[in-house]
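Below you'll find the structure, written out as structure tokens, and then a few comments.
The values are calculated or read from the model by the stated rules, or taken from the named source; none is laboratory data. Keep in mind that this is a model prediction, so the values were computed, not measured. Here the Cβ positions follow ideal geometry from the backbone for every residue, glycine too, while neighbour counts run over all protein chains shown. Remember, those area values only see protein heavy atoms, side chains included, never the ligands or the DNA or RNA. Shrake-Rupley method; radii C 1.70, N 1.55, O 1.52, S 1.80 Å.
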Amino acid sequence: MTSALFVVSEEGYWAEECIEPLTTLESEGVDVTVATPSGSPPVVDERSLDPEAAGGEERVAELREVDEEHPELNDPEPISTVAAADYDAVVFPGGHGTVWDVNQDRHARQLLLDAVAGEAGVALVVCHAVGILAFTNEADGTPLVEDRAITGFPNEWEADIVDEYDVMPDGRKLPYWVEDEVVLAGAEFDAELDADTSVTVDGDLITARGPGSSAAAAATLLDEL
């Protein structure tokens, strides 16, 4: 059976970016495992369950039901105990929370490296989780993202969220902006701001811009699998 590992934030994952790919893959018979940095259940960013952000009250109800009742989301594995080699794909959903935990976790970075190494695996990285690419290096020190074509959460959107001091609406200070960091690491970054969706495939690495690209990202991952 085809299998996928979802590496999800405990600090705030964006509902659509996790649940849309997760349920899409499961509907096609993919066996899904969820892992978090400590093994505690991931925490959904409540902003992603606002009806205006999620696409209406009905969609919010669907997303919240999965968040609250999905067996894997509510009983995840610690990421230090799982290996990319055991899965056909590793998925990194986005959400601002990833900048504080997943993107800074050495085990998460190793999962990403292993997922895109060789011929067998593939990785999907969405939205703010794309920041992990800026901090993940090959064994010789080369940034994983160097000279790779990617998309992700753009500076133009971030500027509409944080204040002049990079403080978010919930009071947390955002430590970095995704686009800035991946560009500094050598990525060929294009968020395709004139397009409704943005999904980029570069070898075994798939990246997606944000919530509105979640369905397209899921379909792309299924094609690659």
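Yes or no: TRP177 under 19 Å from GLU16 (Cα atoms) and aromatic (Phe, Trp, Tyr)?
Details: under 19 Å from GLU16 (Cα atoms): no; aromatic (Phe, Trp, Tyr): yes.
Considered against the rule, which asks whether it is under 19 Å from GLU16 (Cα atoms) and aromatic (Phe, Trp, Tyr), TRP177 comes out as no.
For region 183-200, what are the residues that are over 15 Å from VAL125 (Cα atoms) and either crowded, with 21+ Cβ neighbours inside 10 Å or not charged (D, E, K, R) (or both)? If the condition is that a residue be over 15 Å from VAL125 (Cα atoms) and either crowded, with 21+ Cβ neighbours inside 10 Å or not charged (D, E, K, R) (or both), then VAL183, LEU184, ALA185, GLY186, LEU193, ALA195 are the ones that fit.
Selection of region 128-141 for residues being farther than 16 Å from PRO211 by Cα and open to solvent by less than 10 Å² (accessible area, probe 1.4 Å) yields ILE132, LEU133, THR136.
Within region 201-216, the presence of a residue that is open to solvent by 60 Å² or more (accessible area, probe 1.4 Å), at pLDDT 95 or above and on the phi > 0 side of the Ramachandran plot is excluded. For region 142-158, which positions are part of a loop (DSSP other than H, G, I, E, B) and either surrounded by 11 or more Cβ atoms within 10 Å (Cβ to Cβ) or modelled with pLDDT under 95 (or both)? Matches in region 142-158: THR142, LEU144, VAL145, GLU146, ARG148, THR151, GLY152, PHE153, PRO154. When you look at GLU179, is it among the charged types (D, E, K, R), surrounded by 16 or more Cβ atoms within 10 Å (Cβ to Cβ) and more than 30 Å from GLY29 (Cα to Cα), yes or no? Yes.
Residue by residue through region 172-195, note down the ones that are within 14 Å of the chain's Cα centre (by Cα) and at positive phi.
Just the residues of region 172-195 that are within 14 Å of the chain's Cα centre (by Cα), to begin with: 178.
Within region 172-195, no residue meets the criteria.
Taking ALA15, is it on the phi < 0 side of the Ramachandran plot, at pLDDT below 95 and in contact with a helix residue (DSSP H, G or I) (Cβ under 6 Å, 6 or more places away or on another chain)?
Working: on the phi < 0 side of the Ramachandran plot: yes; at pLDDT below 95: no; in contact with a helix residue (DSSP H, G or I) (Cβ under 6 Å, 6 or more places away or on another chain): yes.
When the stated conditions are applied, ALA15 does not pass them.
Could you give me the residue pairs with C-beta distances under 6 Å whose first residue belongs to region 175-191 and is free of Cβ contacts under 8 Å to residues at least 24 places away in the same chain, whose second residue is among the hydrophobic types (A, V, I, L, M, F, W, C) wherever it lies, and which are 6+ apart or on separate chains? What qualifies is VAL183/PHE189. Answer yes or no: is there a residue in region 196-208 that is under 25 Å from GLY56 (Cα atoms) and more than 15 Å from the chain's Cα centre (by Cα). Scanning region 196-208, I find at least one residue that is under 25 Å from GLY56 (Cα atoms) and more than 15 Å from the chain's Cα centre (by Cα), so the answer is yes.
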